[in-house]
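Asks: Can you keep this structure in mind? I'll have questions shortly.
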Amino acid sequence: MAKTLDRTLEEDRAPPAKGAARFSRLHAGRWGLRGVAIVYLGLLVVLPLTAVIVKGYGQGLVSLRHALAAPGAVAAIRLTLFTSAIAAIVNGVLGTLIAYVLVRFRFPGRSTLATVVDMPFAIPTLVTGVMLVALYGPNTPVGGFLARHGIDVVFAVPGIVLALLVVTLPLVIRTVEPVLLELDPAEEEAARVLGAGGWTAFRRVVLPALRPAIAAGALLTFARALGEFGAIVIVSGNITGKTLTAPYFIFQLTGNFRFEEAAAVSAILFGLSFVLVLVTERLVKNREARVSP
Amino acid sequence: MALIAALLAAAACSKSTANSGGSGGPCTPSDPAVITFAAYSTPREVYGKIIPAFQAKWKEDHNGQNVIFQESYGGSTSQAQNVIKGFPADVVALSLAPDVDVIADAGLITHDWTQVADGGMVSASVVVFDVRPGNPKQLVDWGDLTQSGLDILTPDPAASGGARWNIVATYGAAERGKVSGIAASDDAGAGQLLTGIFANVRVLDKSARDSIKNFESGNGDVAITYENEVFTAQKAGLEDEMVIPPSTVLIENPVAVVDKNAADHCVTDVANGFVDFLHSQDAKDLYAKTGFLRPTDPAQAQQGDGDKFAAIQDLFTVEDLGGWDQIDTKVFGDPDGIFTKAFKEATG
């Protein structure tokens, strides 16, 4: 799925080098389709992003400076970067493991597990937050037990990480899975026949092929986690300077009619996400080049 | 039960005394003392000024003891729910009394929080109309909001506890016979007024502040909101104009110490000190200057200050309408509450 999409993009982006000749060959209908695609993406993504940049940086860096001077601003951005990075690393490792289990093993309940993986995308993230508080809140049996042992989950940083792990769960799994499916299990078996243990075979044969996909999935996870709002509002308690995250900080700025400042901080977040998505695309492309030269 | 609570408190205290190197004895807070403060979103800027003022005063009066604040701002009702679910707030500042009552009902506030200065209220405002510059639709009274073709913004009472102020204002004005065409105590008339207004509601926003944000982006002819919100918007450079209806409700915002949490954290003294400070003249000046909030005393609030705060013809309080308990049943009760029925009729 991800691969076909990339190929389409690839084709769409083909340089107009052979310009005139190619143009004449093209059907008007195809241009119509491209027009729709471009206008749609423009309306949905490019225009709003431009508006935010213009709003936030129309007067240079003044808005950004004001925003960062607000109490808890820098801490909020730092916290968001930190928790998103943890989510990317943890789901990078465990997501790969789950993908491997789903692809390589046949066991009862496997298809149920495959469905469960997608659940976080089907559940509104706000609901995810409510579920986490219901399970890990300080007044619940589980949360109370943890609290007595000095581990605060909800209304503390671990709760934020947990929420991010849940809402981004499918990303690494669904990026790694198709690559694993393409990978010939015979290679892994050959390694084992030649005497490699299970772990060695995985590390030397499977992992190198998966690495770009894992990195791509982890970067997507990071980018997605940067903007998470719904689940975090519920679990974090929003303590300024401690558990207040960047998206909620932006929300608070708009609440105080500080729209320019909100736009300035937003632009930083999506600029970061944009760079990460670019890197991800590059990684996926490299992988395709290697898998199917 | 109380014994267990006392034991827990003692255990928690001995832990924090041990941390601060003390030797048993009475509960002493850690140094610096940490107060966790949960408030509704609007007064964030006010508390940004009040808290440092309190910290300085406390330090001066208590041999240099420092107090650190952990501040959390969010919707009033969700903050109350968070405290019930275990958010360790020592002090709460909320938008309306019923939000404090639910915390008390959960057993976390054990004293009668209304038996303090100003009945537990620290700030006040009034329900007003936020209109386009020049008031092109000539909206001056509640009855004007029922004209056909008008677009009204008001928060959703199902999502925002604070939204109920707008409904209480409408209902109260009608019940008091201050809306032309509706006799005093005419419940049916009050219901029709609410139906007429809510039939014109175009967007039910998440909160009063969202209504103004939405209004600012060009939606609607009028947003029913609070006076302090309009002042805040005007200060931010928005060209909104405010209309105070002849009869409206005094919005009273409560503050309370969450005893159980404060005791657990050994900060009861500091928490009480903070709440006392919120009732001081210094704090009142800040509420008025930074937060555009009126004094909590109804007579004073009605009079205004002859400058920024205009005098109001007929200003009533929730108590004048029989208190929240009665309003909850009579107006918001399901399925027979006056608003509940009016809303169904307007949207059905």
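Only the coordinates and a few stated rules stand behind these numbers; no lab work does. Worth saying up front: this structure is predicted, and the values here are computed from it rather than measured. No Cβ is skipped: glycine too gets one built from the backbone with ideal geometry, and neighbour counts run over all protein chains shown.
Asks: If R0 is 30 Å, what FRET efficiency do you get for B:Q281 and B:A311 from their C-beta distance, rounded to 0.05?
Replies: So, using R0 = 30 Å, E works out to roughly 0.85.
Asks: Calculated from DSSP H runs of 4 or more alone, at -39500 (n - 2.57) each and per residue, what is the 222 nm mean residue ellipticity of chain B, nearest 500?
Replies: -13000 deg cm²/dmol
Asks: Taking every Cα atom in the range B:161-310, find the radius of gyration and the maximum pairwise distance Dmax, and write them in Å.
Replies: When restricted to the Cα atoms of the range B:161-310, Rg and Dmax are 18.5, 57 Å.
Asks: Using 0.36 nm per residue, how much length does the chain from A:H66 to A:R211 gain when fully extended, once their Cα-Cα distance is taken away?
Replies: Gain on extension, A:H66 to A:R211, equals 48.1 nm.
Asks: Here is a further query. Starting from the Cα of B:A56, step 7 Å along the direction of its Cβ; do the same at B:I68; then give the gap between the two resulting points in nm.
Replies: 2.2
Asks: So, by mean Cβ neighbours within 10 angstrom, what's the order for B:83-96, B:290-303 with the highest one leading?
Replies: Order by mean packing, descending: B:83-96, B:290-303.
Asks: Measure out, as a whole number of angstrom, how far apart the alpha-carbon centroids of the range B:58-131 and the range A:197-254 sit.
Replies: Value for the Cα centre distance between the two parts: 34 Å.
Asks: Please report, for the Cα atoms of the range A:77-231, the Rg to one decimal and the Dmax as a whole number; what are they, in angstrom?
Replies: Rg then Dmax for the range A:77-231, in Å: 17.7, 55.
Asks: With r defined as the distance between the Cβ atoms of A:R30 and B:N219 and R0 fixed at 51 Å, what FRET efficiency is calculated, to the nearest 0.05?
Replies: 0.80
Asks: In addition: For the protein assembly as shown, what is Rg from Cα atoms divided by 2.2 N^0.38 Å, rounded to two decimals?
Replies: The protein assembly as shown yields a ratio of 1.13.
Asks: What is the Cα coordinate range of chain B on the first, second and third principal axes, sorted by size from largest, in whole angstrom?
Replies: Each principal axis gives a Cα extent; for chain B these are 72, 42, 35 Å.
Asks: Here's another thing I want to ask about it. Between A:E281 and B:E241, what is the FRET efficiency for a Förster distance of 51 Å, r being their Cβ-Cβ separation, to the nearest 0.05?
Replies: 0.55
Asks: Quick one: Kirkwood hydrodynamic radius for chain A, alpha-carbon pairs, angstrom, one decimal?
Replies: Over chain A, the inverse of the mean reciprocal pair distance is 21.8 Å.
Asks: Right, next: Per 5 Å bin, what is the whole-percent P(r) computed from every C-alpha pair distance within the range B:263-311?
Replies: 5, 19, 22, 19, 12, 9, 8, 4, 3, 0
Asks: Over the residues of the range B:36-124, compute the C-alpha Rg and express it relative to 2.2 N^0.38 Å.
Replies: Ratio of Rg to 2.2 N^0.38 Å for the range B:36-124: 1.13.
Asks: Could you grab the relative contact order for the range A:73-225? Cα pairs under 8 Å, six or more apart, rounded to a whole percent.
Replies: Answer for the range A:73-225 is 35 percent.
Asks: How many nm is it between the label spots at A:R148 and A:V45, if each spot is 7 Å from the Cα in line with the beta carbon?
Replies: Between A:R148 and A:V45, the simple spin-label model gives 5.1 nm.
Asks: With the calculation restricted to Cα positions, what are the radius of gyration and Dmax of the range A:157-283 in angstrom?
Replies: 19.8, 67
Asks: Tabulate in residue order the Karplus-calculated ³J(HN,Hα) for the range B:163-172, using 6.51 cos²θ - 1.76 cosθ + 1.60 with θ = phi - 60°, rounded to whole Hz; enter x for Gly and Pro.
Replies: 4, 5, 4, 5, 6, 4, 4, 4, 4, x
Asks: Calculate, in whole percent, how much of the Cα-Cα pair population of the range B:81-142 lies beyond 14 Å.
Replies: 66
Asks: Rounding to the nearest 10 and keeping the result within 0 to 90°, find how far the Cα-based axis of helix B:187-199 lies from the longest principal axis of chain B.
Replies: Here the helix axis deviates by roughly 90 degrees.
Asks: So which DSSP H runs in chain A come out at 30 Å plus along the axis (Cα) with average Kyte-Doolittle of at least 0.5?
Replies: Helices meeting the span and hydropathy rule in chain A are A:73-104, A:157-182, A:259-291.
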